[in-house]
């Protein structure tokens, strides 16, 4: 599975975040980090969904696991998009 391609496309859907990561030269690092996290989560969820009390059909488990993992990545990207640098307030002299 092409986790990096999927993550890069999700980032590209958020032009401001994409531009900020490129400008700071962090795009590749973030794509690699998020893709690694997505891959690990996908594998973990696939195993979890095929075992235990809520076991589902082993053929459907990878697709369901990927869907959950993608929603988690999208949530993280949403939070990253909303994160802004704190503004420094100018102090005013009180008389």
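The values are calculated or read from the model by the stated rules, or taken from the named source; none is laboratory data. From a predicted model like this one, the values you see are computed outputs, not experimental measurements. Here Cβ is always computed from backbone atoms with ideal geometry, including for glycine, and neighbour counts include all displayed protein chains.
For region 1-16, the set of residues classified as surrounded by 13 or more Cβ atoms within 10 Å (Cβ to Cβ) and either part of a helix (DSSP H, G or I) or without any contact (Cβ under 8 Å) to a residue 40 or more places away in the chain (or both) consists of 3, 4, 6, 7, 8, 10, 11, listed by residue number.
When we screen 30, 43 for residues that are surrounded by fewer than 16 Cβ atoms within 10 Å (Cβ to Cβ) and out of contact with any strand residue (DSSP E or B) (no Cβ under 7 Å at 6 or more places or on another chain), the only hit is 43.
Of all residues in region 47-59, none are surrounded by 11 or more Cβ atoms within 10 Å (Cβ to Cβ), in contact with a helix residue (DSSP H, G or I) (Cβ under 6 Å, 6 or more places away or on another chain), touching a residue at least 24 places away in the same chain (Cβ under 8 Å) and part of a helix (DSSP H, G or I).
Selection of region 41-95 for residues being under 30 Å from residue 22 (Cα atoms) and modelled with pLDDT under 90 yields 83, 84, 85, 86, 87, 88, 89, 90. Among residues of region 17-31 that are more than 16 Å from residue 73 (Cβ to Cβ), those with a Cβ under 9 angstrom from a residue that is not in a helix (DSSP H, G or I), sequence gap 6+ or separate chain, pair up as 20/26.
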